[in-house]
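Novice: This is the structure I want to talk about, given as structure tokens.
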Amino acid sequence: MKEETALKQIILREIAKCRTCRFCVDVCPTYQVSNGVETFSAYGRLQTLKYLLTGMLSLDDALVYSLYSCLECRRCERVCKSKGQDIEICKIMEMGRNLITGKLTY
């Protein structure tokens, strides 16, 4: 449990580095094919993960689908880096998925 809490804090700290410029949204291929559903963008996924970890959202099938729909193409990371930030979005998503996987019921 202690390790889970530490991982949760690391993830939340990394998400907090985001300046919410949202340049990552438009370059995301899953966002583009979703007709503009923001939870299918890098920014939307980070926010979803943040709200799941802080207890503001409850885990359901739609959120799991959103988090796991990332192609990990890293377009979001390239645009993030070009705008002066260096957030490893795919790494954050992977850590977040690993953390919530233990909460899934089959």
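Novice: Between 97, 74, 78, 45, which is among the basic types (Lys, Arg) and on the phi > 0 side of the Ramachandran plot?
Specialist: 74
Novice: What single numbered condition from (1) under 23 Å from residue 33 (Cβ atoms); (2) in contact with a Lys or Arg (Cβ under 7 Å, 6 or more places away or on another chain) fails to hold for residue 53?
Specialist: Just one mismatch for residue 53, condition (1).
Novice: Name the one entry in 63, 59 that is over 14 Å from residue 93 (Cβ atoms), surrounded by 13 or more Cβ atoms within 10 Å (Cβ to Cβ) and either modelled with pLDDT under 95 or in contact with a strand residue (DSSP E or B) (Cβ under 6 Å, 6 or more places away or on another chain) (or both). Spell out the reasoning first.
Specialist: Values: 63 fails: over 14 Å from residue 93 (Cβ atoms).
Just one listed residue meets the conditions, 59.
Novice: Restricting the search to segment 8-30, which residues are more than 13 Å from residue 54 (Cα to Cα), without any contact (Cβ under 8 Å) to a residue 60 or more places away in the chain and part of a helix (DSSP H, G or I)?
Specialist: Those that are more than 13 Å from residue 54 (Cα to Cα), without any contact (Cβ under 8 Å) to a residue 60 or more places away in the chain and part of a helix (DSSP H, G or I): 25, 26, 27, 29, 30.
Novice: Which one is nearest to residue 96 (Cα to Cα), of the residues in segment 31-45 that are in a helix (DSSP H, G or I) and under 14 Å from the mean Cα position of the chain (by Cα)?
Specialist: Within segment 31-45, the first condition is being in a helix (DSSP H, G or I), and the residues that meet it are 31-33, 38-40, 42-45.
Now drop any that are not under 14 Å from the mean Cα position of the chain (by Cα), which leaves 31, 38-40, 42-45.
Working: 31: 19, 38: 18, 39: 15, 40: 15, 42: 13, 43: 14, 44: 14, 45: 10 Å.
Ranking the candidates gives 45 first.
Novice: Turning to a different aspect of this structure: Between residues in segment 85-106 that are within 13 Å of residue 52 (Cα to Cα) and of a type outside the set (S, T, N, Q) and residues that are at pLDDT 85 or above and part of a loop (DSSP other than H, G, I, E, B), which pairs lie under 8 Å by C-beta distance while being six or more apart or on different chains?
Specialist: Pairs that qualify, where the first residue is within 13 Å of residue 52 (Cα to Cα) and of a type outside the set (S, T, N, Q) and the partner is at pLDDT 85 or above and part of a loop (DSSP other than H, G, I, E, B), are 93/70; 93/72; 100/59; 103/59; 104/59.
Novice: Name every residue in segment 18-31 that is over 17 Å from residue 65 (Cβ atoms) and surrounded by 13 or more Cβ atoms within 10 Å (Cβ to Cβ), in order of residue number. Talk me through it step by step, then tell me what you get.
Specialist: Initial filter on segment 18-31 (over 17 Å from residue 65 (Cβ atoms)): 18-27.
Answer for segment 18-31, where residues must be over 17 Å from residue 65 (Cβ atoms) and surrounded by 13 or more Cβ atoms within 10 Å (Cβ to Cβ): 18, 21, 22, 23, 24, 25, 26, 27.
Novice: Sticking with this structure for a sec: When residue 48 is evaluated against the numbered criteria (1) of a type in the set (Ser, Thr, Tyr); (2) part of a helix (DSSP H, G or I); (3) at pLDDT below 95, which criterion, by number, is the only one it fails?
Specialist: With respect to (1) of a type in the set (Ser, Thr, Tyr); (2) part of a helix (DSSP H, G or I); (3) at pLDDT below 95, residue 48 is out only on (3).
Novice: Is it the case, given these coordinates, that residue 46 is of a type in the set (A, V, I, L, M) and buried (at least 19 other Cβ atoms within 10 Å of the Cβ)? Quick ask: steps written out before the conclusion?
Specialist: Details: of a type in the set (A, V, I, L, M): yes; buried (at least 19 other Cβ atoms within 10 Å of the Cβ): yes.
Judged against the criteria, residue 46 is a match.
The values are calculated or read from the model by the stated rules, or taken from the named source; none is laboratory data. Model, not experiment: these values are computed from the prediction. When we count neighbours, we look across all protein chains shown, and the Cβ atoms used for this are built from the backbone with ideal geometry, even at glycine.
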